[in-house]
Amino acid sequence: MRTPKILAWVAVWALLAGPVAAGSKKKASQSKTPVPATSPAPTAADQPSAPAGGDLGTNAPPAVREILEKVEKAQAAMKDVRMDLKMEVQDATSGQKQTVRGVVEMKLPDKVFTHYLKPTEQFLYINGPALQMYQPGQNTVYRQSTKKGQPTYLGVGKELKKYSETSRVSIVKDGSDQVVLLFIPDNGESQFKRMRVTIRKDHWWPEKVEIESLSMKTTAQFLKPVFDQGLPDSDFEFKAPEGATVVDGEIF
């Protein structure tokens, strides 16, 4: 199973040292043509718990807007964050699963570094308008402008707010330490059929994202976040190693 398009969804937010020399930091890219499949019916866990979410609609209910504003405010106050990435991708047609492990670093306003450790070592760099993925096994660098697409985890609060404008949003769980939001798009043009986002209340940062599309289901967890360490800009810089193949085009 190939995952670059899926990594673009999460990977967390999002949702992971220096200018890169050959054989050091790297990242991958391949594309997968979605295979239409029947979207699974909502489970009991996906039903909103009244009255927490209020009526569903294209505009988020007040209780949901309050949560989204807290997420956006927390992210705006953050300077940088480092967190572990644990992700599982399951093909809707074959049922085949792939597990992804890595580390994510983010620095506001527009820097992301993702080091994927499993199933293969890959690296993603976002620095302003430039997005680069490096796959060491093929010694290939994939490049594109962030204007053509970027991972959902860049700008978590703003992304959730954006989805709330085009989705029916409800609160499916509201506990003492976390809250879970369910997003169901209002039209068939969305990239996903439903999305569940688990948000920690101690720092208002999403720690789990579950996305179901026609072709696959993705669950991403963003664990052990450490905020405002003063991450250096060099962590987000990348220069293609000498001899590497450079491919310009759409990655996400």
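A short reminder: the numbers here are calculations on the coordinates, not readings from a lab. As the structure is a computational prediction, the values presented were derived from the model and not from experiment. Glycine also receives a Cβ, built like all others from the backbone with ideal geometry; neighbour counts cover every protein chain displayed.
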Summed over the other residues with a beta carbon less than 9 angstrom from that of residue 84, with K and R at +1 and D and E at -1, the charge totals +4
Each label sits 7 Å from Cα toward the beta-carbon; between residue 201 and residue 139 the label points are separated, in nm, by 5.4 nm
Quick note on 163, 134, ordering by fewest other C-beta atoms within 10 Å, gives 163, 134
Stretched fully, the stretch from residue 63 through residue 177 gains (0.36 nm per residue minus C-alpha distance, one decimal, in nm) 39.4 nm
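Pop the C-beta distance of residue 120 and residue 214 into the FRET formula with R0 = 25 Å and round what comes out to the nearest 0.05.
0.45
Return the subset of 70/193; 70/161; 86/239; 161/224 for which the Cα-Cα distance in this structure is over 22 Å, preserving the input order.
Table pairs above 22 Å Cα-Cα are 70/193; 86/239; 161/224.
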Residue 76 and residue 233 label points (each 7 Å along its Cα→Cβ direction) are spaced in nm at 2.5 nm
Other residues with Cβ under 15 Å from the Cβ of residue 226 give, with Lys and Arg +1 and Asp and Glu -1, a net charge of -2
